[in-house]
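Scroll down for the structure; my scribbles are underneath it.
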Amino acid sequence: MGRHVLLIEDEPHIAEAIRFILNRDGWQVSTHANGQDAVARVHATRPDVLILDVMLPGASGFEVLSQLRAQPETANLPVLMLTAKGQGRDREAAERAGADLFITKPFSNAEILASVRSLVTP
Amino acid sequence: MPFNILVLASLAYVIFLFLVAFVVERRAAAGAARWLRSPLVYTLSLSVYCTAWTFYGAVGYAARSGLEYLTIYLGPTLVFVGWWWLLRKLVRIGRQQRVTSIADLISSRYGKSNLLGVIVTVICVVAATPYIALQLQSVTLSFGVFAGPTADGWAMPDRDITSIWVAGGLAAFTILFGTRNLDAKEQHTGVVTAIAVEAVVKLVALLAVGIFVVWGLASGPADILSRIQSSEIAEWQMKPSRWTGLILLSAAAVICLPRMFQVLVVENSDERHLATASWAFPLYLMLMSLFVVPIAVMGLELMPEGSNPDLFVLTLPLSQGQGGLAMLAFLGGFSSATSMVIVAAIALSTMVSNHVVMPLWLSLRPARAVSGDVRRLVLLSRRLSIAAVLGLGYAYFRLSGGSEALAAIGLISFVGVAQILPAMLGGLFWRGATRAGAVLGLTIGFAIWAYALFLPSFGPDAVIPARVLAEGPFGMGWLRPQALFGVEGIDPLIHALFWSLAFNTAAFCALSLMSFPGPVERMQGAAFVNAFEDSAAPNWAQGGADPEALLVMAQRILGEEEALAFFEAQARAQGKAAYLPDPTPAFIEGLERRLAGSVGAATAHAMISQLAGRAAVSVEDLMAVANEAAQIMEYSARLEEQQEELTRAARQLREVNEKLTQISVQKDAFLSQISHELRTPMTSIRAFSEILMEGDMPADMATGYARIIHEEAIRLTRLLDDLLDLSVLESGTVQLNLGLANLREMIDRALASAGHTRPERRFDIQRDPASEEIFLRTDSDRLTQVFINLISNARKYCDAAAPELRIHVRRKGARVTIDFIDNGSGIPKDQQTLIFEKFARLTDQTRAGGAGLGLAICREVMANLGGTIGYLPGQGRAAFRITLPLRLERAAAE
């Protein structure tokens, strides 16, 4: 089981924080900051876990996820979604789009670490 | 006999009549007066034919012209005995069409023409006025007879007072009982009964005088016959032309006189009464005429030379000292006069009110005036008409000065109303008769009557100059009123009767043949001419209603299932196993009611009438149908209106709802945005503060993370500041700090302040400081805030390699325009209005720390400063324009 995470997040400070937390736990973290070429980036990096923000410039996290789920290579990719809106609607939309886990910002470092771990440990 | 007693007796008699009418009216209202509607009362009421003219005048007539007076009785007798079918048709039509007067009959027959109604009304009023005057005169004269020998100075003023009292009293009586209420059929039970009582009184009085003359003065019938034989009356030669003419005339009068039409047709409550009247009325006339010749003969013999033969009935008993008998005779004459005047006034007032006053009022009143109280108005108009008719009669009496020969006036009236005969008979028996024909015939006949008979009757030079009478108008001899077309040497009355009726009839027939009747006229014509055909049997069951036809019709109206169910239930109720019940009256009435529920009563009635072969569909029915249709249309129009209103209301509601939903969506989006904007810096702050709390990292790294926390905290604060600012600006509760400030200084300050945004970029600022030397009265801090925002945006987003910003100031009257134009690629067209919305940051790529509230705040600030801010399209670059007033007044800011 690989330990490669792709983080798609447009807020540089948040991306920096997550990268730091996961690095420390032994994960290799790639980052990407917009929605429009996120899918291509996934195909290019072939991560073991995808962390996907909802509010992205270009295309929303939901759109990106739907595209990923529609393709066989990424249909079963473990995906953790992040949202800053914190509304029930977003959680439902995330589940519909095929997210495995869903975390509302702001989150604790332990929470995001546990979530990423749980996605690679069956 | 003391005059006072006479007056008292008259008063008592009138009060008695009042009582009779009153009691009968009461009982009729209670429904307990069936016997009052008996054939006997009907027949007696017909005796209004016998007026004071017949009562007093017949004796005078006999004394002057021998047996000719009989023609006046022979005409009606012939009509009642020989023309009963004509009377029956008249009565039938009168009841079917709910005719209220002879004018109404003619107008109704010719398509409800009010013109004809007016013409007939005018003829009747003109012809009846002298006749009413005649009655007033006879009553006045008879008073005079009593007063004359005893009281000295029974002079003209007193006679006038008597006549005015009589006229006034009659008007009061007629108004009281003729217009107590409004019946659709215009029947007056009380009055008719009083008239019947008067008929008995006048018959008894005349018979009593006759018996007194034959057995009291002469010694029995044989003696009287010999006295007649020897008197000059026996010498009178019968003039065949005059007899024929007079019989025809009185025959016409008995059906055309307004008062006769009133009792004969309008007051008729049962067609079968005619059967009794057809023999009883001639009998009554015969009794009335029985002693005329004996009284005349004895009068001529016993009374002094030169005494008025018209008053023999009174003067003969009086001269013999028979005060009681004279009193009875007086009451008889009084009865004759009053009954005629009362009935004539009722009949004429109905016509005047219905055909003149009401149409005038209806056309004069404002459209859509209240229709609720028409009844009272009709009654008022009737009462005024009665007063007017009697007033006319009184005026005529006063003006004519009281001609001595009563009979002449009566016959002249007869010829006048006889003009109605062609139109009436034509209407009853000839479907081709038209309105135009009737109008022309009536008009010509009336004109000839007036010219040849009525106007000359006032005497030479009264109305028609003597020269015209003698030589014709403008010397045209053939137009001499009493010798038209050179026909000379015949009796003026017969002359006028002949020419007027001849021209009347000829014009009526000719124009009827030439003109075409309108639709209503055609239908009315058919209803009149065929009055008996469809309604031979008033009973439904005998009318031959075909149940199947009824079922077909009912199915069309009620729907197949419902109609079948109704018919089946009815059939079962009749004990029949089949679907079709017998057309019994109960069934037909039930069906009519059922249909009425769907199509309205009048329509239902008309349909059933057609199928059940009841009466022909009358114009009233059709009018009612039309009324119903109009009501339904009005109703549906109202419904439509309501529907439209509802639709409008629904649309408004929907719009409001959409707006609310939109606002709600916007609010949700706004909250969601705020949430996002708050949580994002929070996330960084929390994550890095947790990282820092764990320690164990190089110091420079920790410092870097602490700086991030600091930056995000500032971002958070700014967001909160902006939100607060916006909410104050939006709610309009912002405190403006107004003062005079130099625009150039404000721009200077804004440029310096905005320089902190992306300080690495070098901007070429182009401005014309001279044009900026404007002193504005505004809130300079707020305005500068807007400038800073616009300049910062340019610094943040201008994508040109060598960025420049042009600030252009212009004064336009009392307003100032400031443009900020950079040389970047600008904002896409579809987003140009969007940028002023909250959180409308177009792109997140070039983050400058704002939350997307900047332009929204600018917009609110400018609104508070009485100005605007907008994106200036078509510049090919980012261009914002601010306008604001030179002098902002406090009121505008609030």
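The values are calculated or read from the model by the stated rules, or taken from the named source; none is laboratory data. In this text the structure is predicted, and so the values were computed from the model without any measurement. Counting neighbours? That spans all protein chains shown, and the Cβs are built from the backbone with ideal geometry, glycine included.
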Checklist (1) over 54 Å from the mean Cα position of the chain (by Cα); (2) closer than 30 Å to B:Val415 by Cβ; (3) of a type outside the set (Gly, Ala, Ser) applied to B:Val263, failing item: (1)
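Considering each of B:Pro481, B:Pro460 in turn, give the residue that is modelled with pLDDT under 70, in contact with a Phe, Trp or Tyr (Cβ under 8 Å, 6 or more places away or on another chain) and in a loop (DSSP other than H, G, I, E, B).
On the way: B:Pro460 fails: in contact with a Phe, Trp or Tyr (Cβ under 8 Å, 6 or more places away or on another chain).
From the options B:Pro481, B:Pro460, the qualifying one is B:Pro481.
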Matching residues in the range A:17-30 - criterion: being surrounded by fewer than 22 Cβ atoms within 10 Å (Cβ to Cβ), touching a Ser or Thr at 6+ places or on another chain (Cβ under 8 Å) and within 11 Å of another protein chain (Cβ to nearest Cβ): A:Arg19
Scope the range A:1-16; condition touching an Asp or Glu at 6+ places or on another chain (Cβ under 7 Å) and within 11 Å of chain B (Cβ to nearest Cβ); matching residues: A:Glu9, A:Asp10, A:His13, A:Ala15
Where B:Ala650 falls short, out of the listed (1) within 14 Å of another protein chain (Cβ to nearest Cβ); (2) within 60 Å of the chain's Cα centre (by Cα): (1)
Test: residue in the range B:82-92 that is under 24 Å from B:Ala133 (Cβ atoms) and either crowded, with 23+ Cβ neighbours inside 10 Å or in contact (Cβ under 8 Å) with a residue 24 or more places away in the chain (or both): no
Residue check for B:Arg806: among the basic types (Lys, Arg) and surrounded by fewer than 18 Cβ atoms within 10 Å (Cβ to Cβ): yes
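Looking only at the range B:269-277, decide whether some residue is within 29 Å of B:Ala63 (Cβ to Cβ) and surrounded by fewer than 16 Cβ atoms within 10 Å (Cβ to Cβ).
Scanning the range B:269-277 turns up no residue that is within 29 Å of B:Ala63 (Cβ to Cβ) and surrounded by fewer than 16 Cβ atoms within 10 Å (Cβ to Cβ).
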Where B:Asn737 falls short, out of the listed (1) assigned to a loop (DSSP other than H, G, I, E, B); (2) modelled with pLDDT under 85; (3) not small (Gly, Ala, Ser): (2)
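Does B:Arg758 satisfy the condition of being outside any strand (DSSP E or B) and on the phi > 0 side of the Ramachandran plot?
yes
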All positions within the range A:63-84 that are within 16 Å of A:Glu9 (Cα to Cα) and surrounded by fewer than 21 Cβ atoms within 10 Å (Cβ to Cβ): A:Glu63
Test: residue in the range B:692-708 that is modelled with pLDDT of 85 or more and within 18 Å of B:Gly854 (Cα to Cα): no
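Scan the range B:272-326 for residues that are in a helix (DSSP H, G or I) and aromatic (Phe, Trp, Tyr) and jot them down.
Those that are in a helix (DSSP H, G or I) and aromatic (Phe, Trp, Tyr): B:Trp279, B:Phe281, B:Tyr284, B:Phe312.
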Index of the failed condition, B:Arg98 passing every other in (1) surrounded by fewer than 18 Cβ atoms within 10 Å (Cβ to Cβ); (2) over 19 Å from B:His188 (Cα atoms): (2)
Sole exception among (1) at pLDDT below 85; (2) assigned to a loop (DSSP other than H, G, I, E, B) for B:Gly866, by number: (1)
Matching residues in the range B:719-736 - criterion: being charged (D, E, K, R) and surrounded by fewer than 16 Cβ atoms within 10 Å (Cβ to Cβ): B:Asp721
Leading residue by the ranking (farthest from the other protein chains (Cβ to nearest Cβ)) among those in the range B:719-749 that are among the polar types (S, T, N, Q) and out of contact with any strand residue (DSSP E or B) (no Cβ under 8 Å at 6 or more places or on another chain): B:Asn737
Residue list for the range B:193-242, restricted to those being in contact with a Gly (Cβ under 6 Å, 6 or more places away or on another chain) and part of a loop (DSSP other than H, G, I, E, B): B:Trp236
Residue tally, condition touching a residue at least 24 places away in the same chain (Cβ under 8 Å) and over 55 Å from the mean Cα position of the chain (by Cα), over the range B:294-314: 9
Identity of the residue in the range B:673-693, closer than 17 Å to A:Glu16 by Cα, more than 7 Å from every other protein chain (Cβ to nearest Cβ) and touching a helix residue (DSSP H, G or I) at 6+ places or on another chain (Cβ under 8 Å), that ends up surrounded by the most Cβ atoms within 10 Å (Cβ to Cβ): B:Pro681
Test: B:Leu716 is over 25 Å from A:Val54 (Cβ atoms), within 14 Å of another protein chain (Cβ to nearest Cβ) and surrounded by 11 or more Cβ atoms within 10 Å (Cβ to Cβ): no
Positions within the range B:795-821 being touching a residue at least 40 places away in the same chain (Cβ under 8 Å) and under 13 Å from B:Arg767 (Cβ atoms), in sequence order: B:Glu804, B:Leu805, B:Arg806, B:Ile807, B:His808, B:Val809, B:Ile818, B:Asp819, B:Phe820, B:Ile821
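Let's see how each residue does on (1) of a type in the set (Lys, Arg); (2) farther than 18 Å from B:Ala347 by Cα; (3) at pLDDT 85 or above:
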position: B:Gly60; (1), (2), (3): no, yes, no
position: B:Ala63; (1), (2), (3): no, yes, no
position: B:Leu70; (1), (2), (3): no, yes, no
position: B:Leu78; (1), (2), (3): no, yes, yes
position: B:Val81; (1), (2), (3): no, yes, no
position: B:Arg95; (1), (2), (3): yes, no, no
position: B:Thr100; (1), (2), (3): no, no, no
position: B:Arg109; (1), (2), (3): yes, yes, no
position: B:Lys112; (1), (2), (3): yes, yes, no
